[in-house]
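The values are calculated or read from the model by the stated rules, or taken from the named source; none is laboratory data. Small disclaimer: the values here were computed from a predicted structure and weren't measured. Note: ideal-geometry Cβ built from the backbone for every residue, glycine included; neighbour counts use all protein chains shown. Please note that ligands, DNA and RNA were not included when accessible areas were found on the heavy atoms of the full protein model with its side chains. Shrake-Rupley method; radii C 1.70, N 1.55, O 1.52, S 1.80 Å.
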Amino acid sequence: MLEPARAVGGDFYDVFEIDPNRIGILIGDVADKGVPSALVMAQTHALLYSEAIRGIRPEEVMANANRQMLRLNRSGLFVTAIYGIIDLDSRVFSYARAGHEIPYILSPGNSAAQLPKNTGQTLGLFDEPIFDQQQVPLTSGTRVLLYTDGAADMHDQGEVQFGLERLQEEFTAGASLDPQAACFQIYETLARYQGPTSQDDDITLVMIQAN
């Protein structure tokens, strides 16, 4: 799910078939908000998708798209993103992370936890950024949550942020729901926490479940 803070936003996500055995998963967040951010979002989404559909490795997708972004982007805005491939044969989610929020994993009978991380630099700033490359086994019942920073950064009337710890707890609490309902429940919790204050940033949630 994606809930923009304004009429247009800078968050994006995509789920698509690369071939019968592989599914591409993409999520990203452009710095800033409004029309300039939305224009960079559309450009970045298109660049990443055009590389991803070729079936190359996630880190290659990121590197190729970054080169094009540096050539085309004159706004100076940078982008955080995760692009990964679910291999349906091996049941492994392999992804490259470019400065984006660290995903959470939830295994049956356990509480959610952050996935391992290494250095992951944003798109649109560096000639040769370093990407955080990870492989996640998707055993039966396992869930992975990808999200943008608008979720954890949501604040209440007292300017207290919702935070990663609460987001982790909400991810765990929705374990009995189907993934779409669990995403909606997280957002409804965020909306209640926000109360009458305005939403400052776009919020995007993408949940993967291994059956």
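Can you tell me which residues in region 21-35 are in contact (Cβ under 8 Å) with a residue 60 or more places away in the chain and in a loop (DSSP other than H, G, I, E, B)?
Matches in region 21-35: N21, K33.
Taking the residues in region 69-107 that are over 18 Å from the mean Cα position of the chain (by Cα) and at pLDDT 95 or above as candidates, determine which candidate is farthest from S50 (Cα to Cα). Looking at the filtered set, the residue picked out is S107. Taking each residue of region 180-209 that is farther than 16 Å from L2 by Cβ and looking for partners that are in a helix (DSSP H, G or I) and open to solvent by 40 Å² or more (accessible area, probe 1.4 Å) with beta-carbon atoms closer than 6 Å, six or more apart or interchain, yields T189/E170.
Selection over region 38-74 of residues that are among the polar types (S, T, N, Q) and more than 19 Å from G99 (Cα to Cα) gives a count of 1.
Among the residues of region 144-161, those that are more than 14 Å from the chain's Cα centre (by Cα), in contact (Cβ under 8 Å) with a residue 12 or more places away in the chain and either closer than 23 Å to A210 by Cα or not in a loop (DSSP other than H, G, I, E, B) (or both) comprise D153, H155. Within region 61-76, the set of residues being aliphatic (A, V, I, L, M) and surrounded by fewer than 21 Cβ atoms within 10 Å (Cβ to Cβ) comprises A63, M69, L70, L72.
Cβ separations smaller than 8 Å between residues 6+ apart or across chains give the following pairs from region 98-112 residues that are farther than 17 Å from G163 by Cα to residues that are open to solvent by 10 Å² or more (accessible area, probe 1.4 Å) and modelled with pLDDT under 95: G99/F78.
Of the set (1) in contact with a Leu (Cβ under 6 Å, 6 or more places away or on another chain); (2) aliphatic (A, V, I, L, M); (3) modelled with pLDDT under 95, all apply to A65 but (3).
Taken over region 121-144, the criterion of being open to solvent by less than 20 Å² (accessible area, probe 1.4 Å) and small (G, A, S) is satisfied by G124 alone.
Just need a number here: residues in region 12-29 that are over 19 Å from L138 (Cα atoms) and either open to solvent by 10 Å² or more (accessible area, probe 1.4 Å) or modelled with pLDDT under 95 (or both). The qualifying residues number 3. Just one of the listed residues (A7, A38) is part of a helix (DSSP H, G or I), free of Cβ contacts under 8 Å to residues at least 60 places away in the same chain and either open to solvent by 20 Å² or more (accessible area, probe 1.4 Å) or not acidic (D, E) (or both), namely A38. Of the residues that sit in region 162-211 and are of a type in the set (S, T, N, Q), part of a loop (DSSP other than H, G, I, E, B) and out of contact with any strand residue (DSSP E or B) (no Cβ under 8 Å at 6 or more places or on another chain), which one is modelled with the lowest pLDDT? Result: S198.
Filtering region 41-59 to residues that are over 19 Å from L205 (Cα atoms) and surrounded by fewer than 16 Cβ atoms within 10 Å (Cβ to Cβ) leaves A46, S50, I53, R54, G55, I56, R57.
For I130, are the conditions met, namely being within 22 Å of L47 (Cβ to Cβ) and in a loop (DSSP other than H, G, I, E, B)?
The answer is yes for I130.
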